[in-house]
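Structure record follows, encoded as structure tokens.
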Amino acid sequence: MNMRMDTMARVLGGTLRGDPGCVISDLATDSRTLASGDGVLFVALQGPNHDGHVYLPGLYAQGVRAFLVSEPPDEAAFPLASFCVVEDTLEGLQTLAAHRRSVYGGTVAAITGSNGKTMVKEWIYQCLRHRFRVHRSPKSYNSQVGVPLSVWMTGEDDELALFEAGISRPGEMERLAAIIRPRWGLLTNLGTAHEQNFRNPLEKLNEKLRLFRDCERLIYCADQRVEGRPLEELLSGIEANKIGWSMKSDAAYSYRLQEVRGMEREGRMVLPDGSVHDLRLPFTDDASVENALHALTFALEAGLDPEEARERIENLEPVNMRLEIVRGIRNSLLINDAYNADAAGLEAGLDLLGTHAEGRHRVLILSDLLQSGDENRVYARVAELVRTKKVDRFVGVGPALGRHRDLFRGNSRFFARTATFLEQFDREGLRDSVVLVKGSRDFQFETIIREFQMQSHQSVLEVDLGAMARNLNLYRQKLRNEVKVMVMVKALSYGSGSTEVAQMLQFQKVDALAVAFVDEGVALRRAGIRLPLVVLNPDPASFDAMLDFHLEPEVYSFRGLQALHQVCAYRRLRDVPIHVKLDTGMHRLGFQEQDVDRLLPLLKHPEFRVDSAFSHLAASEDPAHDEFTRDQIAAFERMSGRIRSELGVPFLRHVLNSSGIERFPEAQFDMVRLGIGLHGVGDLKGLEPVSAFRTRVSQVRALPSGETVGYGRRGMLERDSLVATLPVGYADGLDRRLGLGRGRVWIRGREFPLLGNVCMDMCMVDVTGSGVEEGDEVEIFGPHVSVRDLARAASTIPYEILTSIPERVKRVYLQD
């Protein structure tokens with residue numbers, strides 16, 4: 001949504017200082033998340049431990065020009081900025097979101113409860129995204145700040161908006177209800193979270209129900225009871241059409257799940273019209289079953305026919321929220337839930353613990369449950385869960401658990417603080433165990449995960465984002481002012497890390513990004529990248545996801561174009577941006593010149609908007625093929641010119657890659673595509689190396705002449721030698737062709753040859769005559785050994801060297 005600052009001042013009843021015509025489109029409350037100041041309104045929130053006003057000078061220098069503040073600024077320090085001054089910036093943020101909600105014409109649904117809100121929201125989205133254009137709050141944006149940010153993000157063409165709403169004390173839901181104003185409501189599980197701020201569970205329920213006061217429809221589980229009373233009875237004051245579902249008795253929707261097979265639960269569903277349908281859920285734990293049935297009921301009420309709804313539910317995908325499963329020390333498996341702890345969530349975590357406990361001991365490391373109510377009742381419940389879920393070893397951290405240690409029998413230990421636990425706990429107790437680490441945020445249990453995780457890889461890839469930005473601007477200097485720049489961030493941005501590089505490019509205001517596959521684009525959207533994102537090799541099966549995440553497809557075949565048209569027509573979409581690939585001699589993908597007559601009518605469909613046409617040069621870096629390259633450029637100009645003439649609308653044209661920018665400035669057209677040059681590989685004068693691949697020496701040993709080193713005994717020693725072993729091999733991207741002395745590494749100011757064959761996870765280096773010691777840093781490539789030199793030694797190209805470094809190698813980012 002776009003809004004002028006003078007309009008916003010009127011909506012908020014604030015005082016405007018500065019440019020009244022400044023237009024905002026995005027809201028931000030955290031200075032760390034900003035990649036660009038364009039169109040951003042920074043809301044300077046104040047709290048007990050923070051004050052957003054202190055970040056104003058830095059944000060202004062970063063390009064932010066619109067601010068919502070409660071303290072009048074020194075306008076002389078911000079000559080180009082526009083400020084709206086209000087008494088309370090949080091209230092101003094919420095009022096702004098409420099205004100956005102008032103002009104939104106789609107259906108708004110709100111989800112609240114103690115547990116499962118995010119999971120239910122995400123699963124409803126999975127069920128309905130094929131049928132409707134669905135906006136849902138990102139992550140778990142359900143707070144007094146998160147809800148208004150989520151509402152502001154709603155698009156004008158979104159048909160359904162799903163919002164979570166969470167509260168921790170009385171009075172908060174009234175404010176969220178005024179922002180969301182839902183037509184539909186869904187009440188999830190009522191657990192013990194935040195009970196300490198309410199007199200009793202009934203008061204907490206009534207506070208949550210304020211969200212649904214003006215709803216038309218409310219979905220809930222009729223099996224729930226609060227303070228011993230049926231939930232249905234407690235909803236009598238809600239005037240909405242109340243739609244209950246049950247696994248135990250008759251209700252509008254009845255689900256009978258009796259059989260458990262492997263990792264599935266099967267049964268039947270009885271719908272309001274009396275029809276009966278088979279049902280299968282792809283999991284067995286109670287929390288997931290309940291969340292899935294909430295989503296199923298919502299989907300059926302939203303109009304999905306039973307067979308389609310059943311199919312969607314049967315194919316639900318797990319939602320990665322806070323739980324992570326990682327390899328730990330002593331052959332352990334760690335389940336990381338280091339940021340949240342309540343009794344209901346503990347039960348779900350212990351269920352997950354059980355699913356991974358085959359042949360392993362079960363260990364629970366738990367902090368005090370800071371968000372719970374009656375201490376005696378809560379910890380008695382925890383102790384019962386420890387017993388019933390067959391936990392073999394229990395570790396309690398915090399004073400409250402210590403006070404209730406008598407409730408816990410068997411192998412149990414208690415520590416007052418996390419630091420004390422880390423100092424005194426015997427790591428051998430983790431041997432062959434699966435460990436649930438569950439803690440309230442205040443206990444900083446992430447330190448336990450770091451301590452107990454398997455030692456991280458000693459090799460790192462350093463990426464200098466400052467050098468990358470300077471390389472970008474070096475190429476920009478070669479372009480005409482009006483020429484746009486698209487940057488390739490496919491293949492983990494040539495191995496450097498897609499998200500981090502994309503965030504830097506967004507800050508540098510490039511015009512578009514390109515990825516190879518839809519998953520890469522979705523990951524960038526979820527990371528907050530707002531730039532146009534072109535998918536160069538889209539699978540027709542992924543078109544729905546592309547449209548959901550506002551990704552723009554390359555079209556290169558009639559089959560793909562027709563499949564996209566069918567999806568767009570089914571979803572009633574118009575003007576979907578597409579990018580037409582023309583084959584001018586690369587002969588990899590694209591429409592050939594003889595295809596243009598057949599292509600033109602398809603491009604005129606109202607579902608499409610051609611945003612660009614482009615081609616790929618096969619040998620722009622090689623002077624021996626310059627005549628062929630110029631023929632490609634001429635063919636592209638001919639084909640794209642005809643399409644532009646026939647369509648009668650302008651679109652961008654681009655053909656130059658990194659080497660093309662260097663060598664064929666006359667063919668810049670409207671845009672260029674920068675790839676490997678961004679990473680410092682190319683002949684353009686002034687390019688800086690961006691990446692450095694480093695490791696450390698694991699071991700150094702002296703070996704006599706005549707010994708052999710490595711597989712196949714290929715490393716024959718012709719003299720007494722000093723041999724260093726490095727913890728990096730071909731599984732880390734060190735090309736196997738670099739063995740037998742072809743590759744060299746840099747240690748202590750000198751180059752040393754690789755000895756013998758490169759192993760999967762290690763390699764050996766002849767360091768004879770040096771003072772190399774264990775622990776010394778090793779440069780595989782970087783300032784002293786260039787990527788080009790390494791590629792030449794391996795008889796390959798720099799692209800392969802960079803993109804072969806897997807994600808198991810840690811990335812470290814350097815910034816000016």
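The values are calculated or read from the model by the stated rules, or taken from the named source; none is laboratory data. The structure presented is a predicted model; accordingly, all values stated were derived computationally and were not measured. In this analysis, Cβ positions are derived from the backbone assuming ideal geometry, glycine residues included, and neighbour counts consider all displayed protein chains. We work out accessible area using only protein heavy atoms, side chains counted, and drop any ligands, DNA or RNA first. Shrake-Rupley method; radii C 1.70, N 1.55, O 1.52, S 1.80 Å.
At a 1.4 Å probe, what is the % contribution of carbon and sulfur to the accessible area of the chain?
46 percent
Compute the FRET efficiency between Glu773 and Arg225 as 1/(1 + (r/R0)^6), taking r as their Cβ-Cβ distance and R0 = 56 Å, and round to the nearest 0.05.
0.25
When DSSP assigns beta bridges and you keep just the ones with both residues in the chain, what percent turn out antiparallel, to the nearest 5?
Counting DSSP beta bridges with both partners in the chain, the antiparallel share is about 40 percent.
Could you work out how far apart the two model spin labels at Lys604 and Glu718 are, taking each label as a point 7 Å from the Cα in the direction of the beta carbon, and quote it in nm?
So the label points at Lys604 and Glu718 sit 7.4 nm apart.
Counting C-alpha atoms alone, how compact is region 31-183: give Rg to one decimal and Dmax as a whole number, in angstrom.
Rg and Dmax of region 31-183, Cα atoms, are 16.9, 53 Å.
Could you compute the FRET efficiency for Glu266 and Asp392, with r as their C-beta to C-beta distance and R0 at 35 Å, rounded to 0.05?
Plugging the Cβ-Cβ distance into 1/(1 + (r/R0)^6) gives 0.65.
Output the relative contact order of region 1-155, whole-number percent, from Cα pairs under 8 angstrom with separation of 6+ residues.
23 percent
Could you work out [θ]222 nm for the chain from helices alone, using -39500 (n - 2.57) per DSSP H run of at least four and dividing by all its residues? Round to the nearest 500 deg cm²/dmol.
One gets -8500 deg cm²/dmol as the mean residue ellipticity at 222 nm.
How many Å² of accessible area per residue for region 501-654, probe 1.4 Å?
Value returned for region 501-654: 45 Å² of accessible area per residue.
Report the residues of region 396-433 in range of a label on Lys810: point 7 Å along Cα→C-beta, backbone N strictly under 12 Å from it.
Backbone N within reach: none found.
Which residues does the label zone of Glu311 cover in region 539-560, counting backbone N under 15 Å from a point 7 Å along Cα→Cβ?
Of the residues in region 539-560, 541-542, 544 have backbone N under 15 Å from the label point off Glu311.
Given all pairs of different Cα atoms, what value in angstroms does the Kirkwood hydrodynamic radius of the chain take?
The Cα-based Kirkwood calculation yields 30.5 Å.
Roughly what would the spin-label model give for Asn200 and Thr420, points 7 Å off Cα along C-beta, in nm?
3.6 nm
Taking the solvent-accessible surface of protein heavy atoms with a 1.4 Å probe, what is the per residue accessible area of region 172-314 in Å²?
45 Å²
Going toward the positive end of the dipole of region 699-816, with +1 on Lys and Arg Cβ and -1 on Asp and Glu Cβ, which of Pro727, Leu754, Ala794 do you reach last?
Ala794
Give, as ranges by residue number, the residues of region 726-762 whose backbone N falls under 13 Å from the point 7 Å along Cα→Cβ of Arg701.
Of the residues in region 726-762, 726 have backbone N under 13 Å from the label point off Arg701.
Suppose the chain between Asp432 and Arg630 were pulled fully straight at 0.36 nm per residue; how much longer would it get relative to their current alpha carbon spacing?
Gain in length upon complete extension: 64.9 nm.
Please find the FRET efficiency linking Ser25 to Thr708, where r is the Cβ-Cβ separation and R0 is fixed at 56 Å, and quote it to the nearest 0.05.
The value I calculate is 0.25.
Out of region 1-107, which GluC sites (Glu not before Pro) are coil in DSSP terms and have no more than 16 other C-beta atoms within 10 Å?
Counting only loop positions with at most 16 other Cβ atoms within 10 Å, the GluC sites (Glu not before Pro) in region 1-107 are Glu87.
Skip the ligands, DNA and RNA, and give the accessible area per residue of region 36-94 with a 1.4 Å probe, whole Å².
Per-residue accessible area for region 36-94 comes out at 44 Å².
Cross-link list Lys581/Lys604; Lys117/Lys204; Lys117/Lys208; Lys509/Lys685; Lys248/Lys438; Lys484/Lys509: which exceed 20 angstrom alpha carbon to alpha carbon?
Lys509/Lys685; Lys248/Lys438
Among bridges DSSP assigns within region 591-740, what percent are antiparallel (round to 5)?
Around 65 percent antiparallel, to the nearest 5.
May I ask you to derive the relative contact order of the chain, considering only C-alpha pairs under 8 Å and at least 6 residues apart, and to give it as an integer percent?
7 percent
For the pair Glu216/Asp6, report the inter-label distance in nm, with labels modelled 7 Å from Cα in the Cβ direction.
For the pair Glu216/Asp6, the computed spacing is 3.7 nm.
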